[in-house]
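Below you'll find the structure, written out as structure tokens, and then a few comments.
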């Protein structure tokens, strides 16, 4: 796996944990918050991402550890993490699209979550040892 993918995964997985920590502590300045941030329904929507984002981070960090140990489980767990990360970004972009709300401050990080996993997912699904090509 490319070193850049591993570096991006480490950055992303730690950033997701930091984001929810900062959000939980109420440290996001109102001028940086997304539209509707104080609306309880929108706040609940945001918190609904906690579980998928923590699952993506946990599997991502575990996969990076396993890859350093040359464990055969590393690539499979990395694939799980990347798919969860991509799904999280897609869900957020879909929400903002449905609301007709466009803010680069919130679209760019979610487009990143959606798009950065794609090359690694393609690479991981093309080079699975022991899996016959179709």
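Bear in mind that the values in this text are calculations on the coordinates, not laboratory data. Quick caveat, the model's predicted, so the values are computed rather than measured. When we count neighbours, we look across all protein chains shown, and the Cβ atoms used for this are built from the backbone with ideal geometry, even at glycine.
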Scan the stretch 47-70 and tell me whether some residue there is in a helix (DSSP H, G or I), over 29 Å from residue 126 (Cβ atoms) and touching a helix residue (DSSP H, G or I) at 6+ places or on another chain (Cβ under 6 Å).
yes
Residue under evaluation residue 22, criteria (1) in contact with a helix residue (DSSP H, G or I) (Cβ under 7 Å, 6 or more places away or on another chain); (2) closer than 24 Å to residue 99 by Cβ; (3) assigned to a helix (DSSP H, G or I), criterion not met
(1)
Could you identify the single residue in 114, 98, 104 that is in contact with a helix residue (DSSP H, G or I) (Cβ under 7 Å, 6 or more places away or on another chain) and either farther than 20 Å from residue 17 by Cα or surrounded by 15 or more Cβ atoms within 10 Å (Cβ to Cβ) (or both)?
114
Report whether or not residue 40 is over 13 Å from residue 16 (Cβ atoms) and either exposed (fewer than 12 other Cβ atoms within 10 Å of the Cβ) or within 12 Å of the chain's Cα centre (by Cα) (or both).
yes
Anything in the stretch 77-86 that is surrounded by 17 or more Cβ atoms within 10 Å (Cβ to Cβ) and within 12 Å of residue 113 (Cβ to Cβ)? List them, or say none.
81, 82, 84, 85, 86
Got a sec? Which of 67, 61, 2 is surrounded by 14 or more Cβ atoms within 10 Å (Cβ to Cβ), more than 27 Å from residue 97 (Cβ to Cβ) and touching a residue at least 60 places away in the same chain (Cβ under 8 Å)?
67
Taking the stated definitions as given, is residue 38 part of a loop (DSSP other than H, G, I, E, B), free of Cβ contacts under 8 Å to residues at least 40 places away in the same chain and closer than 26 Å to residue 3 by Cα?
no
Pairs please, first residue from the stretch 99-125 and free of Cβ contacts under 8 Å to residues at least 12 places away in the same chain and on the phi > 0 side of the Ramachandran plot, second anywhere and surrounded by fewer than 13 Cβ atoms within 10 Å (Cβ to Cβ) and assigned to a helix (DSSP H, G or I), Cβ atoms under 6 Å, 6+ apart in sequence or on different chains.
none
Being on the phi < 0 side of the Ramachandran plot, surrounded by 13 or more Cβ atoms within 10 Å (Cβ to Cβ) and free of Cβ contacts under 8 Å to residues at least 24 places away in the same chain is true for just one of 52, 28, 18. Which residue is that?
28
